[in-house]
Amino acid sequence: GVDKPKNETSHYGLRYATFVVPLVKAVQEQQEIIEDYEARMSTMEQEATELKSSLTELLQRMEALESKKGN
């Protein structure tokens, strides 16, 4: 991807095509990983919401049982 100078007065050169294809592929792979993590996070958030709801319901039932027991 890098061209060395041919003489003392010339400059280094870059072959951009050599860099662009791997960079595009890397970005595509990262995007797939991001989308996978977003889907997993969404699932986990939904599960957390369901667990909170279940916990709240169980606490309410427990409080109701305790108040009946106290009477």
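The values are calculated or read from the model by the stated rules, or taken from the named source; none is laboratory data. Bear in mind that the values here come from a model prediction, so they are computed numbers and not experimental data. So basically every Cβ, Gly included, is an ideal-geometry build from the backbone, and we count neighbours across all protein chains shown. Just so you know, the surface numbers come from the protein's heavy atoms only, side chains and all, with ligands and any DNA or RNA stripped out. Shrake-Rupley method; radii C 1.70, N 1.55, O 1.52, S 1.80 Å.
On the given criteria, is Tyr12 more than 20 Å from the chain's Cα centre (by Cα) and without any contact (Cβ under 8 Å) to a residue 60 or more places away in the chain?
yes
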Q) Do the conditions hold for Glu57, that is, is it in a helix (DSSP H, G or I) and either among the acidic types (Asp, Glu) or touching a helix residue (DSSP H, G or I) at 6+ places or on another chain (Cβ under 8 Å) (or both)? A) yes
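One line per residue, one yes/no per condition, for (1) open to solvent by 100 Å² or more (accessible area, probe 1.4 Å); (2) without any contact (Cβ under 8 Å) to a residue 60 or more places away in the chain; (3) within 30 Å of Gly1 (Cβ to Cβ):
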| residue | (1), (2), (3) |
| --- | --- |
| Glu29 | no, yes, yes |
| Met41 | yes, yes, no |
| Thr56 | no, yes, no |
| Leu65 | yes, yes, no |
